[in-house]
Amino acid sequence: MVFRAPIRSMATAARQSLKIGMLPADGIGREVLPGAKAAILALGSSIPKTEFIDLLAGFEYFTKTGTALPEETVQVLKNECDCALFGAVSSPSRKVTGYSSPIVALRKKMDLYANIRPVKSVSVNPGEKSGVDLVVIRENTECLYVKQETQTVGEHGKEARATRLITERASRRIGELAFKMALERPRKHLTVIHKSNVLSITDGLFRETVRAVPTLPGVDGKYDDVTVAEQLVDSAVYRLFREPEIYDVMVAPNLYGDILSDAAAALVGSLGLVPSVNAGDSFVMGEPVHGSAPDIAGQNIANPLAAIRSAAMMLRHIGYGDGADRIERAVDSVLREGKVLTPDLGGKSKTSEVVDEVTKRI
């Protein structure tokens, strides 16, 4: 799964060392992040000497301290780390007073405005065309994830309201990124996902702003080769399962992007295969798409491949494309061979066994 970083490379020729923040957080995050670390270390001297900085965050940490994301973690990431890897967080479905998801908070505090999630199936034969090959680009800082909710009591009982924020600035910069990425891919096709037939103001602003990117000052025909389509989010989910080959790059507001990318993971076999990066203009954090999976935590059967692929995406983003290629080829060969797979993919292998097999091939 080769991913080309669309945001400005952060690598510098003079870099002598690489400092990576490690936030395993909760559940299987603590089991899959060591696999990502092992894959990076397997690259040896082809990347700068790497230091891994362990950092705290997560729901479990919140239950012990009352804080899900310590300020110290944020400051270390900002001031000491070149990039980071996040494992998974066990955000509860019920309301917990004082708790807010640390990954959502990190995206805002670090201005990681783009969540980039490539979804690609691995062909049986190397070089054969993949059946699914798309990228979901999700605006990462707004929509309902601003977490402004209120609950009151009216004449019919409790009334809950949530504020949804869509701004021109955020929509424009995610739109610019989506066009850049579409331009770099062979098909050069971009689909804008929205629901502006119902949410005419909020989704309407997102749709109009993204579609207007080619007309921005200074663009001067740069995106003339990009074909632009649009799709209502409900029909997009339907078509994603019926005919995934119609999609190339999909750009969506925060909530829609979250749902679409998780749904797309089903097309390639498992959430345990799908990587992502949270990217801004000056920092990038790799993050497997899957959650903390408390039902299998501690059993050594979690799929580490999404975390390993996320590490590759992170490295590519900061300028180490050769190392990223090595990791991705190793993962693809393990999947293609199909002998060492975790239970989510129909295998019987342990997490540690899959990690060993991948690192052996890097």
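Mind checking whether some residue in the stretch 260-270 is small (Gly, Ala, Ser), farther than 18 Å from Leu144 by Cβ, touching a Phe, Trp or Tyr at 6+ places or on another chain (Cβ under 9 Å) and modelled with pLDDT of 95 or more?
For the stretch 260-270, residues small (Gly, Ala, Ser), farther than 18 Å from Leu144 by Cβ, touching a Phe, Trp or Tyr at 6+ places or on another chain (Cβ under 9 Å) and modelled with pLDDT of 95 or more: absent.
How many residues are without any contact (Cβ under 8 Å) to a residue 60 or more places away in the chain and of a type in the set (A, V, I, L, M, F, W, C) if we restrict to the stretch 274-304?
1
What tally of residues in the stretch 19-53 results from selecting those that are part of a strand (DSSP E or B) and touching a residue at least 40 places away in the same chain (Cβ under 8 Å)?
7
Residues in the stretch 137-161 that are within 27 Å of Val289 (Cα to Cα) and either modelled with pLDDT of 90 or more or surrounded by 15 or more Cβ atoms within 10 Å (Cβ to Cβ) (or both): how many?
Looking only at that region, the number is 10.
Out of the residues in the stretch 337-362 that are basic (Lys, Arg) and within 18 Å of Asp295 (Cβ to Cβ), state the one that is least open to solvent (accessible area, probe 1.4 Å).
Lys350
Filter the stretch 290-311 down to residues that are farther than 17 Å from Ser17 by Cα, surrounded by 24 or more Cβ atoms within 10 Å (Cβ to Cβ) and of a type outside the set (S, T, N, Q), then give me how many there are.
8
Being under 17 Å from Thr141 (Cα atoms) and free of Cβ contacts under 8 Å to residues at least 40 places away in the same chain is the filter; apply it to the stretch 70-108 and report the residue that is most open to solvent (accessible area, probe 1.4 Å).
This residue is Lys108.
Which condition breaks for Glu287 when tested against (1) at pLDDT below 95; (2) crowded, with 24+ Cβ neighbours inside 10 Å?
Here Glu287 meets the rest and fails (1).
Collect the residues in the stretch 23-66 that are within 21 Å of Thr97 (Cα to Cα), touching a strand residue (DSSP E or B) at 6+ places or on another chain (Cβ under 9 Å) and open to solvent by 40 Å² or more (accessible area, probe 1.4 Å), keeping them in residue-number order.
Within the stretch 23-66, Leu56, Glu60, Tyr61 meet the criteria.
Which count do you get for residues in the stretch 237-270 that are out of contact with any strand residue (DSSP E or B) (no Cβ under 7 Å at 6 or more places or on another chain) and small (Gly, Ala, Ser)?
Going through the stretch 237-270 one residue at a time, the tally reaches 4.
Which members of the stretch 162-182 meet the condition of being in contact with a helix residue (DSSP H, G or I) (Cβ under 6 Å, 6 or more places away or on another chain) and within 16 Å of Val226 (Cα to Cα)?
Once the filter is applied, which keeps residues that are in contact with a helix residue (DSSP H, G or I) (Cβ under 6 Å, 6 or more places away or on another chain) and within 16 Å of Val226 (Cα to Cα), the stretch 162-182 yields Gly175, Glu176, Phe179.
Return a yes/no flag: does the stretch 315-333 have any residue that is free of Cβ contacts under 8 Å to residues at least 40 places away in the same chain, of a type outside the set (Lys, Arg) and surrounded by 22 or more Cβ atoms within 10 Å (Cβ to Cβ).
no
Pairs please, first residue from the stretch 197-217 and touching a residue at least 40 places away in the same chain (Cβ under 8 Å), second anywhere and part of a loop (DSSP other than H, G, I, E, B) and of a type in the set (Ser, Thr, Tyr), Cβ atoms under 8 Å, 6+ apart in sequence or on different chains.
Partner pairs satisfying both residue conditions: Asp203/Ser196; Phe206/Ser196; Val213/Tyr223.
Can you pull out the residues in the stretch 278-302 that are within 16 Å of the chain's Cα centre (by Cα) and under 24 Å from Ala330 (Cβ atoms)?
The answer is Asn278, Ala279, Val284, Met285, Gly286, Glu287, Pro288, Val289, His290.
Consider the stretch 70-96. How many of its residues are in a helix (DSSP H, G or I) and not polar (S, T, N, Q)?
So the count comes out to 7.
Where in the stretch 162-276 are there helices (runs of 4 or more DSSP H), lying wholly inside it, with at least 1 residues that are of a type in the set (S, T, N, Q) and open to solvent by 10 Å² or more (accessible area, probe 1.4 Å)?
202-211, 233-242
Does Ser261 count as among the polar types (S, T, N, Q) and either in contact with a Leu (Cβ under 9 Å, 6 or more places away or on another chain) or under 30 Å from Val355 (Cβ atoms) (or both)?
Taking the combined requirement at face value, the residue satisfies it.
Do you know which residues across the stretch 54-69 are in a loop (DSSP other than H, G, I, E, B), under 22 Å from the mean Cα position of the chain (by Cα) and either farther than 10 Å from Leu23 by Cβ or among the basic types (Lys, Arg) (or both)?
Ala68
The values are calculated or read from the model by the stated rules, or taken from the named source; none is laboratory data. These numbers were taken from a predicted model, which means no experiment stands behind them. So basically every Cβ, Gly included, is an ideal-geometry build from the backbone, and we count neighbours across all protein chains shown. Calculation scope for accessible area: heavy atoms of the full protein, side chains included, ligands and nucleic acids excluded. Shrake-Rupley method; radii C 1.70, N 1.55, O 1.52, S 1.80 Å.
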